[in-house]
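Q: Following this message is one structure expressed as structure tokens.
The values are calculated or read from the model by the stated rules, or taken from the named source; none is laboratory data. Values in this document were obtained by computation on a predicted structure and should not be read as measured data. Here Cβ is always computed from backbone atoms with ideal geometry, including for glycine, and neighbour counts include all displayed protein chains.
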Amino acid sequence: MNLKSGNKDLDDEELLQLLNRAKFNDSRALGKLCVHFYSKIYRFIYYRVNTVEDAEDLTSEVCLRVIKSIHEQKGSFYAWIFRIASNMITDHYRRRVVRSNVESVGESIEEMVDAGSKQSELIEQQNLRQALRRLTEEQQEVIVLKFIEGYDTDEIAHLVGKSTGAVRAIQFRALTALRNMSDMEKFIEKDRKI
Amino acid sequence: MERDIELLLDNCINEMRNRKSVDESIAEHPQYAGQLQPLLRLVQKIETLPQPEPTPEAISGTLINLGHHIAQYSMTFEKPTAVVKMRKKSSVFNIIRRPKIAWAFNAAFLFLVVLFSAATISANSVPGDFLYPLKLATEKIKFMLTFNSEKKAELRLTFSDKRLQEMIAVFQQSGKLDTTLLKEMLDEAKLALEETKIPTDTASVFVTKLRHVNAYQKDVLEKIRPQVVSSNRKIVDEAINMCDSRSRWMRRMMNEENEISPDSSEPGSMDSPQRTPRSKQKSDRRQWGPECDWMR
């Protein structure tokens, strides 16, 4: 199973070699490994926290946690790092007062304007992003892995340690919940009229 | 029903990834179109969300932090090495756990136990016994594995004593004198002296010990002499004479040593007329006691 559909530059054998070297505290291997999974983890975290700064801080913390406990790593590397990232997000929400949505909307819109997107699309995307954050943790995890990271259902099942059927069920419930959210309903209606 | 819709939704999402439109995907399942369509349109919207990329500054900042951490980790915390060592150990145990290797280990262990038991039992064997060759082999191996000359001399003395005990045991059992054992007894005692380096304190102690053994051997031979058949009595007499002459030689040598030792540290003592040159002592030692015809 190829678990790296989002990142094609490292095959399974190369990853295994890097991991073996990293377990011997090889600083080059640790650095290369960190660069390799940084973007993946960043994207995974980005849609589950309020600000870019939070996403960057948490990704950095995940990297440190990975490096600290790399010698204890067993089984699938990606499942392991996503589990760490998921736990870090949970801890983040436990220990910090969540900033108000209004504040985060402002920040995110500014960031996206910088990226050169249209204003109406930006508002839609921002609504969607807020709706995503109202889902349960496991629903957020499945949606981000599926539609942001680009994994298929079997791969997600392997990463989150659930059956394929369970992942399909979570996916269905997550999409239904998103549709049922009032602002999302409006968003879809508007899209139909257009 | 719910399972079906979950599976259908997943299949439709996969078809959309293969460049099918929402309408094309749900066309095959018209009965679920009402449920699937809004969900698939939502999926389309989610997939248009931007793929955020971290800034190079964020990555480099993390790498710098990691560099500090790795440096501290390497200097203060040796856990990875310990873990590797533990894994290596466990891998050795894993090898032993393999059936063939475990069988070989068990067989080797059993062989060693049998060999050790046989060697222990053979210690009391005498010529003609089944285990006597094993006793001689054990003695040879023991001697070959001994590298210290003093310990070698001690072993020779032990072997000489063992030959005497064997000779007595054979004589008590059969009433016959085993001349081969007698010859070996005398040979081992001679070789024991040749192994020692004279003069040293321990060598002097050893020569005294050898003298006692020699005297004991002479006593034993004198005691069994009347019971030996007349044809062998001459051999016993010669052996007794040899023990006697050896005893005299050793007594003389010890006296000379005692005379040399107090002056050896004084300047000019080399010119002492009483001193026997060491090279001379060595040559004498090699010829201690006359060899008999039956020993050749």
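Table: residues versus (1) part of a helix (DSSP H, G or I); (2) touching a His at 6+ places or on another chain (Cβ under 8 Å); (3) closer than 22 Å to residue B:67 by Cβ.
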site	(1), (2), (3)
A:36	yes, no, yes
A:40	yes, no, yes
A:50	no, no, no
A:67	yes, yes, yes
A:78	yes, no, no
A:84	yes, no, yes
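Q: Do we find that residue B:55 is at pLDDT 80 or above, at the interface with chain A (Cβ under 9 Å from one of its Cβ atoms) and exposed (fewer than 13 other Cβ atoms within 10 Å of the Cβ) in this structure?
A: Details: at pLDDT 80 or above: yes; at the interface with chain A (Cβ under 9 Å from one of its Cβ atoms): yes; exposed (fewer than 13 other Cβ atoms within 10 Å of the Cβ): yes.
Criteria met by residue B:55.
Q: Could you tell me which numbered condition residue A:45 fails, if it satisfies all but one of (1) at pLDDT 85 or above; (2) closer than 20 Å to residue B:52 by Cβ; (3) exposed (fewer than 15 other Cβ atoms within 10 Å of the Cβ)?
A: Going through the list (1) at pLDDT 85 or above; (2) closer than 20 Å to residue B:52 by Cβ; (3) exposed (fewer than 15 other Cβ atoms within 10 Å of the Cβ), residue A:45 breaks only (3).
Q: Condition first: more than 8 Å from chain B (Cβ to nearest Cβ) and either in a helix (DSSP H, G or I) or basic (Lys, Arg) (or both). Now tell me which residues in the range A:147-157 satisfy that.
A: In the first step, residues of the range A:147-157 are kept if they are more than 8 Å from chain B (Cβ to nearest Cβ); the result is A:149-151, A:154-157.
Passing the criteria: A:154, A:155, A:156, A:157.
Q: Output the residues belonging to the range B:1-31 that are part of a helix (DSSP H, G or I) and touching a Cys at 6+ places or on another chain (Cβ under 9 Å).
A: Within the range B:1-31, the first condition is being part of a helix (DSSP H, G or I), and the residues that meet it are B:2-17, B:22-27, B:30-31.
Result: B:22, B:25, B:26.
Q: Quick check, is residue B:45 part of a helix (DSSP H, G or I), surrounded by 11 or more Cβ atoms within 10 Å (Cβ to Cβ) and at pLDDT 80 or above?
A: So residue B:45 passes the test.
Q: Also, I was wondering about something else. Mind listing just one residue for me: the one in the range A:13-30 that is in a loop (DSSP other than H, G, I, E, B) and surrounded by fewer than 16 Cβ atoms within 10 Å (Cβ to Cβ) and, of those, nearest to the other protein chains (Cβ to nearest Cβ)? I'd like the intermediate steps shown before the answer.
A: If we filter the range A:13-30 for residues that are in a loop (DSSP other than H, G, I, E, B), which is where we start, we get A:24-26.
The next check asks that each one be surrounded by fewer than 16 Cβ atoms within 10 Å (Cβ to Cβ); those that pass are A:24, A:26.
On the way: A:24: 7, A:26: 9 Å.
In this case the residue turns out to be A:24.
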